[in-house]
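Comments concern the structure below.
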Amino acid sequence: MDSQKTNELYERFSHLYRERLAPLESSKMAWGFQCGDGWYNLIHKMSKRITNLLNDDESAPAIAEVSRNNDGTLYITVRNPTLAIADIVETAKEQSRIICETCGYSPAFLRHQDGPQKGHVACGRCARHNAGRPNNKAPKRKSQRRRASDIEVIKR
Ligand SMILES: [Zn+2]
């Protein structure tokens, strides 16, 4: 996720993401949000719902990692989650199945074909936009013809 969006989430939900300042050995939150910008709104909503349930102390639940599962969905680790918070996180994970990780459009789904979107949840537009098209405009070989005309010159 880009740094501006990352900072917005950190500033707005400073307490929930307090492990962003922790050393990497103790929390992966120091890596930031390891996913695309398209999930910004999803993460924002989830963070807001969790923050409403948090108290101020240092033992309150904190998010320790935000990244992506092998199946392309949102991955989140929460330190000391309550049942209500675990439920909110599960809901966000479920929603990520159909929200484009790149642009936030829904419906989207996990892409399997080779290309930059492989293994990512992507909408049709992003999948098409980023799919490498076969190069049909490869320059045609003209060397044969050139060689032929060289031969003609030599013949004269
Ligand atoms: Zn998209």
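For the range 47-110, what relative contact order do you get, as a whole percent, if you take Cα pairs closer than 8 Å and at least 6 residues apart?
24 percent
Do me a favour and compute the ellipsoid semi-axes for the range 1-70 from its Cα gyration tensor, root of five times each eigenvalue, largest one first, whole Å.
Rounded to whole Å, the semi-axes are 18, 15, 11.
Quick one: what are the phi-derived ³J(HN,Hα) couplings along the range 79-94, Karplus 6.51/-1.76/1.60 with θ = phi - 60°, whole Hz, x for glycine and proline?
Running phi through 6.51 cos²θ - 1.76 cosθ + 1.60 with θ = phi - 60° gives 7, 6, x, 8, 4, 5, 6, 4, 5, 5, 5, 4, 4, 4, 4, 4 Hz.
Listed here are the pairs Lys48/Lys93; Lys48/Lys118; Lys28/Lys118; which of them are more than 20 Å apart at the Cα?
Long pairs (Cα-Cα over 20 Å): Lys48/Lys118; Lys28/Lys118.
So which GluC sites (Glu not before Pro) in the range 12-61 pass both tests, a DSSP loop state and at most 15 other Cβ atoms within 10 Å of the Cβ? Each step should come with its number before you reach the end.
Working: sites: Glu19, Glu25, Glu58; in loops: Glu25, Glu58.
Taking the range 12-61 and a limit of 15 other Cβ atoms within 10 Å, the loop GluC sites (Glu not before Pro) found are Glu25, Glu58.
What is the gain in length, in nm to one decimal, between Leu53 and His129 on full extension, counting 0.36 nm per residue of separation less the C-alpha to C-alpha distance?
Stretched out fully, the Leu53 to His129 stretch lengthens by 23.4 nm.
Values in this text are rule-based calculations from the coordinates and carry no lab data. As the structure is a computational prediction, the values presented were derived from the model and not from experiment. Virtual Cβ from ideal backbone geometry, glycine too; neighbours counted across all protein chains shown.
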